[in-house]
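Here's the structure we're looking at; comments come further down.
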Ligand SMILES: Cc1ncc(COP(=O)(O)O)c(C=O)c1O
C-alpha cells in the first residue's frame, strides 16, 4: 500500500476504491441505493441496532467462532496453522453474518420482501434463515446448474419458507442469478430489499457487506493475539465475490507485516471459460453494477466460468480486492479443482473437518501459502463453510455412488 493511499479513507466518494467500484445501474435503482447508503450510515452509529446485531450474532449465529490450531497441518507444512471456523456458524458458513445484518437493515427501511441471489446456496440458506427469524418474505434466485450441484441447499431454503426461483439463462450459475435478482429489484424496488451476498455490486454493497463480515477478522485478531502473543504472518482465504476474504483481511489492513493471500478458482485449465481466476485471466471492465476485473472476451462480452465450487464460479470480483491487488497490499493466486478436492480430503483426514468446496481452495493452496512465510510462521486459514452441501457432488466427481 502506498503511503498516500494508506491515508485515504476508503471507499472514496461514490463507493470508489481507486478506479474500481462505483454504481453502474439503471437510474430507477439509484434512489434505493441512496436510501440503503443513508440507512446504513445511520445504523453503523446506532447503539440499539448494533446491540441487536451483536446479540443475534452471539446467541443465534454462535459467534465468536473458534480459532482452531491445526496440529497435523502445522506438522506437515512446518508452519503454525490456525483455522478460523466460519463452518461452525449457524447454517454452516460466513454468509449468515451479512444476511442477519442486512435483514435488520431492511426492517429499519420498512421493507417486508427480500430478494437474494445464490451460487453455492449458502447465501440463499442464510437469507432464508434471517427472513424466517425476522418475519420477512424471501425469494431467492439460483442458476439451475447450481441448483443441481447444491441440491441439499435448495431443499433447505424451501424448508425455511423461501421461494427458490430457478434461472435457466446463460451459464445457469451465479452471474445469471444476480442478473435476475437485479431485474426483480428494478421492478419491485419500493417494497423490496435486495440482500446481495458478497462484497460486490453497486455502492454501498461492497462496503456494507465487508463491514458485516469484518467480525471474522476482528475476532481472529483477538484470538491469535491471545494464543500466540503476536499477529500472524499470513492470512489465507478463498475469493468468490470476496466477502469471507475481505471480512478476514480488513481488520489487518493497517498491519503491514501481515500478508494477505486470496485464492481464486483455477478450475480445470488456463483458457478463458475453464476457470474463475479474474486476476490472471480477466481485465478491467464494468459488470453487474461495479467496475472491477472481469472475465471477458476482446469485445467486452462476459465469458462463462468454471469451478468445481459453485460459490467461486463468478466472472468478477469485489472492487476492494482489485484495489488491494493494485496497491500490492494483497496477493491473489489460483487453486485448481483437483488441488481443492485434495485440500478437502486433507482437512477431513488430518483435522476431522470437512470444508465446503469453496474453503477447500484455501486449504489446497497451503503449499503456496507456506512458501510465502518462514518456518514456524503463523498462518490463519479461513474455513468459510462446512462441506455437508458438497458431499454428494464430491462423490459424483470421484465416481462414487452413495
Ligand atoms: C462456504 C462459502 N465460502 C466462500 C464463498 C465465496 O463467496 P465470498 O467470496 O463472498 O466469500 C461462498 C459462496 O457461496 C461459500 O458458500
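Only the coordinates and a few stated rules stand behind these numbers; no lab work does. Remember, predicted model here, so these are calculated numbers, not experimental data. Cβ coordinates were reconstructed from backbone atoms using ideal geometry, including for glycine residues, and neighbour counts include every protein chain displayed.
Fewest Cβ neighbours within 10 Å first, please rank 34, 184, 299 accordingly.
Exposure proxy ranking, most exposed first: 299, 34, 184.
For a quick check, take a GNM of the chain with Cα springs below 10 Å and name the residue from 353, 195, 379 with the largest mean-square fluctuation.
Looking only at 353, 195, 379, the largest GNM fluctuation is found for 353.
So between residue 368 and residue 401, what do we pick up on full extension, going 0.36 nm a residue minus the alpha carbon distance?
In short, 8.6 nm is gained.
So if we plug the beta-carbon distance of residue 151 and residue 299 into 1/(1 + (r/R0)^6) with R0 = 41 Å, what FRET efficiency do we get, rounded to 0.05?
It comes out at approximately 0.70.
With r as the distance between the Cβ atoms of residue 132 and residue 74 and R0 = 51 Å, compute the FRET efficiency 1/(1 + (r/R0)^6) and round to 0.05.
With R0 = 51 Å, the Cβ-Cβ based efficiency is 0.80.
Given the peptides 154-166, 319-331, arrange them by the average over their residues of other C-beta atoms within 10 Å, most packed first.
Those peptides, ordered most packed to least, come out 319-331, 154-166.
State, to one decimal in nm, how far the label point of residue 342 lies from the label point of residue 55, with both points 7 Å from Cα in the Cβ direction.
4.9
Which of 70, 362, 237 moves the most in a Gaussian network model of the chain with Cα springs under 10 Å?
So, out of 70, 362, 237, the one fluctuating most is 70.
Per-residue ellipticity at 222 nm for the chain, helices alone: DSSP H runs ≥ 4 residues times -39500 (n - 2.57), over residue total, nearest 500 deg cm²/dmol?
-12500 deg cm²/dmol
Roughly speaking, what is the stretch gain from residue 45 to residue 283, that is 0.36 nm per residue apart minus the C-alpha to C-alpha distance, in nm to one decimal?
Between residue 45 and residue 283, full extension yields an extra 82.0 nm.
For the chain, rounded, prolate or oblate, judged on the Cα gyration tensor with a ≥ b ≥ c (square roots of eigenvalues), a/c < 1.5 rounded, else prolate if a/b > b/c?
Rounded is the answer for the chain, as its axis ratio a/c remains below 1.5.
Is the stretch 63-182 rounded, prolate or oblate when judged by the Cα gyration tensor, a ≥ b ≥ c being the square roots of its eigenvalues, rounded requiring a/c under 1.5 and prolate requiring a/b larger than b/c?
Because a/c hits 1.5 or more and a/b fails to exceed b/c, the stretch 63-182 counts as oblate.
If you build a Gaussian network model of the chain, linking Cα atoms that sit under 10 Å apart, which residue out of 293, 40, 60 swings the most?
Ranking 293, 40, 60 by mean-square fluctuation puts 60 first.
Which of 272, 29 comes first, and how do the rest follow, when ranked by fewest Cβ neighbours within 10 Å?
272, 29
Using a 10 Å cut-off around each Cβ, can you sort 88, 248 from fewest to most neighbouring Cβ atoms?
Ranked by crowding around the Cβ, least crowded first: 88, 248.
For the pair residue 350 and residue 268, what calculated FRET efficiency results from E = 1/(1 + (r/R0)^6), where r is the Cβ-Cβ distance and R0 = 25 Å, to the nearest 0.05?
After rounding, the FRET efficiency stands at 0.50.
Which shape class, rounded, prolate or oblate, goes with the stretch 48-102 when its Cα gyration tensor gives a ≥ b ≥ c as root eigenvalues, a/c under 1.5 marks rounded, and past that a/b bigger than b/c marks prolate?
Since a/c reaches 1.5 and a/b is larger than b/c, the shape of the stretch 48-102 is classed as prolate.
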